[in-house]
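Worksheet for the structure shown next.
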Amino acid sequence: MKINGRLVKCDRCGKETFCKTIGDKEIDGGFTRWSKFEEPEGWSHEHDIGDLCPSCTQEYQTLKDEFARNVEKFKGPRKI
């Protein structure tokens with residue numbers, strides 16, 4: 001049996017998931033075509049990092065939240 005799709009691999013830890021093809025799209029009378037895939041649940045794509053699995057996505061979000069809190073502490077009270 002064959003199933004068309006794409007294999008998504010976490011660019012941080014290497015975990016993999018398979019996303020099935022759910023259809024095709026086309027424009028300009030069919031000269032330009034591409035496949036649509038299932039969205040991997042909980043996965044994200046981060047600029048300059050790549051694809052992240054759910055656990056790495058959560059860890060990265062925690063890191064960004066912590067950084068945002070520390071930036072606010074670093075700024076201190078506003079002086080006018």
Any idea how many residues of the stretch 25-60 are charged (D, E, K, R) and touching a residue at least 40 places away in the same chain (Cβ under 8 Å)? 1
Let me spell it out: the conditions are (1) assigned to a helix (DSSP H, G or I); (2) more than 16 Å from the chain's Cα centre (by Cα); (3) more than 30 Å from Ile3 (Cβ to Cβ), and Pro77 meets all of them except one. Which number is the exception? (1)
Meets criteria (out of contact with any Cys (no Cβ under 9 Å at 6 or more places or on another chain), surrounded by 11 or more Cβ atoms within 10 Å (Cβ to Cβ) and outside any helix (DSSP H, G or I)) for Thr21: yes
I need the full set of residues from the stretch 1-18 which are part of a loop (DSSP other than H, G, I, E, B) and among the acidic types (Asp, Glu), in order please. Asp11
The condition of being out of contact with any Leu (no Cβ under 6 Å at 6 or more places or on another chain), in contact (Cβ under 8 Å) with a residue 24 or more places away in the chain and open to solvent by 100 Å² or more (accessible area, probe 1.4 Å) holds, among Lys75, Lys2, Lys9, only for Lys9
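Anything in the stretch 42-60 that is part of a loop (DSSP other than H, G, I, E, B) and either surrounded by 10 or more Cβ atoms within 10 Å (Cβ to Cβ) or more than 10 Å from the chain's Cα centre (by Cα) (or both)? List them, or say none.
Once the filter is applied, which keeps residues that are part of a loop (DSSP other than H, G, I, E, B) and either surrounded by 10 or more Cβ atoms within 10 Å (Cβ to Cβ) or more than 10 Å from the chain's Cα centre (by Cα) (or both), the stretch 42-60 yields Gly42, Trp43, Asp48, Ile49, Cys53.
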If you go through the stretch 32-40 one residue at a time, do you hit one that is over 20 Å from Gly14 (Cα atoms) and either open to solvent by 100 Å² or more (accessible area, probe 1.4 Å) or outside any strand (DSSP E or B) (or both)? yes
Conditions (1) of a type in the set (A, V, I, L, M, F, W, C); (2) without any contact (Cβ under 8 Å) to a residue 40 or more places away in the chain; (3) open to solvent by less than 70 Å² (accessible area, probe 1.4 Å); number of the one not met by Leu63: (3)
Please tell me if Pro77 is at pLDDT below 95 and out of contact with any strand residue (DSSP E or B) (no Cβ under 6 Å at 6 or more places or on another chain). yes
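The values are calculated or read from the model by the stated rules, or taken from the named source; none is laboratory data. Please read these numbers as outputs of a predicted model, since none were measured by experiment. In this analysis, Cβ positions are derived from the backbone assuming ideal geometry, glycine residues included, and neighbour counts consider all displayed protein chains. Quick note on the areas: whole protein, heavy atoms, side chains included, nothing else; ligands and nucleic acids left out. Shrake-Rupley method; radii C 1.70, N 1.55, O 1.52, S 1.80 Å.
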